[in-house]
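Below is one structure; the comments refer to it alone.
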Amino acid sequence: MITIKDLVKSFRTEEVETLALNKVNLKVEAGEFVAIMGPSGCGKSTLLNIIGMLDNPTEGSYNFASNEVAGLRENQRTQLRKGNLGFVFQSFNLIDELTVFENVELPLIYLKMEKAERREKVMQVLERMKIAHREKHFPHQLSGGQQQRVAIARAVVTKPKLILADEPTGNLDSKNGLQVMNLLTELNQEGTTIVMVTHSEHDSHFAHRVVNLFDGQIVTESQNRAMGAEV
Ligand code: ADP
Ligand code: ADP
């Protein structure tokens, strides 16, 4: 699904140039669950942003599902993201002014889906995430665990090929964190590819494979389990 070759990303601010990614090579198979780990500042978010087509690399190539992404214009990247990618963040990133239902409905509005079909799809995924009873609530009325379940519902309502998760349990206690990891694992077992950035050794065990970044380079990779094997 993903082939990244000699990826370089540098940031220039005033006179300082930061090499955030320095010749990264990475392949992710369809159906894989990959964890990216490494110390703060090693380039994890930069890599996830490029995989998520939010940012362009400085050099190198990025192929996603047979599309060359590096060098695409912003509107072309947006087009490719639609329906293909779902994002889950540490801070949930829900829209405070919208209800649970409306937050999850938004990606379907962008896909120009009809209202009745949207209602059906949103309620289906809210039930799946065990949060349907909160459809009329606003994010601030929910616990962190509930907010992250809404965020996962929003990420998967379009049935994306790939979910990108940035520290998805970073703001949760262990009980809610485990629930989120179990949900991601279930989605992966149903065929969704997952790339997750995490600091948590515990969470990394849910992945098939762990990629360790250091100073913008992949320094080690380890296989936890084969694809298809139980967690
Ligand atoms: P991590 O997610 O592993 O903490 P990041 O990918 O956020 O690391 O950052 C990698 C390096 O790139 C750091 O040195 C960071 O300061 C730098 N960096 C990231 N984003 C920017 C930016 N927009 N402008 C300038 N430097 C950046
Ligand atoms: P559930 O059993 O539905 O997963 P939780 O255990 O997450 O619910 O939360 C229990 C109750 O406490 C819920 O009604 C939730 O709205 C409320 N709650 C928990 N934390 C917060 C919070 N930070 N702000 C507002 N309400 C909260």
* **Residues of the range 79-105 satisfying the condition of being of a type in the set (S, T, N, Q) and without any contact (Cβ under 8 Å) to a residue 12 or more places away in the chain** => GLN79
* Return yes or no: is ALA70 in a loop (DSSP other than H, G, I, E, B) and farther than 24 Å from GLY177 by Cβ? => yes
* Counting only residues that are among the basic types (Lys, Arg) and part of a loop (DSSP other than H, G, I, E, B), how many does the range 147-168 have? -> 2
* Structure fact -> PHE92: passes all of (1) within 16 Å of ligand 2 (Cβ to nearest atom); (2) surrounded by fewer than 21 Cβ atoms within 10 Å (Cβ to Cβ); (3) among the hydrophobic types (A, V, I, L, M, F, W, C) but (2)
* **Close pairs (8 angstrom Cβ cut-off, 6 or more residues apart or separate chains): without any contact (Cβ under 8 Å) to a residue 12 or more places away in the chain in the range 58-70, among the hydroxyl-bearing types (Ser, Thr, Tyr) anywhere** => GLU68/SER61; GLU68/TYR62
* **Qualifying residues in the range 6-27 (those that are on the phi > 0 side of the Ramachandran plot and part of a strand (DSSP E or B)) - the one nearest to ligand 1 (Cβ to nearest atom)** => LYS23
* **Which listed residue, of ALA30, ALA116, is exposed (fewer than 14 other Cβ atoms within 10 Å of the Cβ), in a helix (DSSP H, G or I) and not acidic (Asp, Glu)** => ALA116
* Could we say that PHE101 is within 30 Å of GLN141 (Cα to Cα), at pLDDT 95 or above and out of contact with any strand residue (DSSP E or B) (no Cβ under 8 Å at 6 or more places or on another chain) here? -> yes
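Here is a yes/no grid of residues against (1) within 10 Å of ligand 1 (Cβ to nearest atom); (2) touching a strand residue (DSSP E or B) at 6+ places or on another chain (Cβ under 6 Å):
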{"site": "ILE36", "(1), (2)": "yes, yes"}
{"site": "GLY52", "(1), (2)": "no, yes"}
{"site": "GLU74", "(1), (2)": "no, no"}
{"site": "ARG81", "(1), (2)": "no, no"}
* Of everything in the range 157-168 that's more than 10 Å from the chain's Cα centre (by Cα) and buried (at least 20 other Cβ atoms within 10 Å of the Cβ), which residue is nearest to ligand 2 (Cβ to nearest atom)? -> VAL157
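The values are calculated or read from the model by the stated rules, or taken from the named source; none is laboratory data. Treat the numbers as computed from the prediction; the structure is a model and nothing was measured. Please note: Cβ atoms are built from the backbone with ideal geometry, for glycine as well, and neighbour counts cover all protein chains shown.
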